[in-house]
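Please read the structure below before turning to the comments.
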Amino acid sequence: MTKKVVITGSFDPVTSGHLFLLAQAQKLFDEVYMVILVNPDKTYSLSVDERLALLKNAVKGYGDVKVFAYDGYACDFCESVGADLMLRGVRNAKDLEYELDLRRQNLEYKGIDTMILVTDEKHKNVSSTFVREHGHE
């Protein structure tokens, strides 16, 4: 049985923290999907096409990574590719609280579970917002 995992985010822009999560996922899973979720209620600095191009370019050196943009619920994407697990990274207690709440919702909605990975120290202060505001990590 192929082990599949889905990593979701806005990737606005992609950061070293996202790539750290990808590298860890590839150690554990046969298939890794990185999915740009499109939230119509959120304002992005980059278009979906720009984020998709940047993400595809960022993962080139990581082997077979499937990259998509999706404008529905993450659980629905997981279901469409036969994945029953999402991988999410956390940097701090606030992130963890948020991810645990999402995990509960995803389990109730579609039975999709979430594996939570604590990022290493060098990525704990990196966020897409920080990169947008400062132009670097």
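The values are calculated or read from the model by the stated rules, or taken from the named source; none is laboratory data. As the structure is a prediction and not an experimental result, all values here were calculated from the model. Here the Cβ is made from the backbone with ideal geometry for all residues, glycine too, and neighbour counts use every protein chain on show. With ligands, DNA and RNA removed, areas are computed over all heavy atoms of the protein, side chains included. Shrake-Rupley method; radii C 1.70, N 1.55, O 1.52, S 1.80 Å.
For the subset of the range 25-58 comprising residues that are hydroxyl-bearing (Ser, Thr, Tyr) and over 19 Å from Ala83 (Cα atoms), which member is surrounded by the most Cβ atoms within 10 Å (Cβ to Cβ)?
So in the range 25-58, the residues hydroxyl-bearing (Ser, Thr, Tyr) come out as 33, 43-45, 47.
Among the residues that remain, those that are also over 19 Å from Ala83 (Cα atoms) are: 43-45, 47.
Numbers: Thr43: 6, Tyr44: 17, Ser45: 14, Ser47: 10.
Among those residues, the one meeting the criterion is Tyr44.
The residues of the range 66-85 that are part of a strand (DSSP E or B), out of contact with any helix residue (DSSP H, G or I) (no Cβ under 6 Å at 6 or more places or on another chain) and closer than 12 Å to Thr8 by Cβ, listed by number, are Phe68, Leu85. Just one of the listed residues (Leu85, Leu55, Leu117) is touching a residue at least 40 places away in the same chain (Cβ under 8 Å) and touching a Cys at 6+ places or on another chain (Cβ under 8 Å), namely Leu85.
For the range 1-50, which positions are of a type in the set (Asp, Glu), touching a residue at least 40 places away in the same chain (Cβ under 8 Å) and part of a loop (DSSP other than H, G, I, E, B)? Give the steps one after another, and end with the answer.
Our first condition is that a residue be of a type in the set (Asp, Glu); within the range 1-50, this holds for 12, 30-31, 41, 49-50.
Then drop every residue that is not touching a residue at least 40 places away in the same chain (Cβ under 8 Å), which leaves 12, 31.
Correct list: Asp12 only.
Scanning the range 97-114 for residues being open to solvent by 70 Å² or more (accessible area, probe 1.4 Å) and of a type in the set (A, V, I, L, M, F, W, C) gives a total of 1.
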